[in-house]
Amino acid sequence: MSDIALLKEMIKETATVPLEEHNGKNQVTLIEPPPANYSVTIHGMPYKDEVIIIKADTFSSPRAVFNGKRGECKRADFVIIADTDNKKFRKVILCIEMKAGKGGTESEIIQQLKGAQCFVAYCREIGQVFWNQRNFLKGYEYRFISLREISIAKKPTRTLAKVGIHNCPERMLKITSPHHLQFNRLV
């Protein structure tokens with residue numbers, strides 16, 4: 001069983017976002033429900049058996065266990081896990097935090113992205129222990145993305161200068177006014 005198939009068996013459908021087909025190509029619309037009430041569409045998504053999109057903040061906050069003083073109870077909005085035949089980004093995990101405006105400090109966003117990374121680590125352990133899949137979610141590369149000023153219309157998408165690859169929360173890819181995002185540009 002592939003990692004994606006196992007994740008789809010493990011995670012409730014209500015905690016995932018379905019792919020949509022538009023003009024013969026796959027896309028996904030990431031929606032923040034009211035009161036936030038904004039969305040972003042990512043075009044050029046992999047095939048449905050190669051990807052799962054998880055609403056990471058659906059997972060209940062562990063505040064009953066942790067104090068939360070270092071942000072350990074926070075999570076980013078979405079996690080996209082893909083295992084494709086594309087040599088450039090064969091196994092990738094995207095942790096995505098969305099903000100309508102300029103809200104949220106960079107340190108808060110870093111905490112949310114780290115929380116999403118911990119959520120994936122928890123899923124990895126569940127697959128390894130309860131499904132007996134020792135190599136479950138091994139060999140994946142992380143990418144961390146902050147999408148800001150989503151609700152501001154009619155501005156071109158702007159990617160702030162990257163320092164190296166965005167493979168840790170502190171070096172997240174920062175995109176403002178995200179319109180017509182492409183999956184392959186996020187990896």
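Every read-out reported here was derived from the displayed coordinates using simple, explicitly stated rules and does not represent laboratory data. Because the structure is predicted, anything quoted here is derived from the model rather than measured.
Based on C-alpha pairs under 8 angstrom that are at least 6 apart in sequence, the chain has a relative contact order of 20 percent.
Give the percent of DSSP beta bridges with both residues in the chain that are antiparallel, rounded to the nearest 5. Mind showing how you got there, number by number?
On the way: 23 of 36 bridges.
Roughly 65 percent of the DSSP beta bridges within the chain come out antiparallel.
Note on residue 12: lysines with a C-alpha under 27 Å away, same-chain residues under 8 apart excluded, are 25, 48, 55, 74, 91, 99, 114, 138. A straight Cα-to-Cα reach below 12 Å connects residue 8 with the aspartates and glutamates 49, 50, residues fewer than 8 places away in its own chain not being considered. Per-residue ellipticity at 222 nm, computed for the chain from helices alone with -39500 (n - 2.57) per DSSP H run of at least four residues, works out to -6000 deg cm²/dmol.
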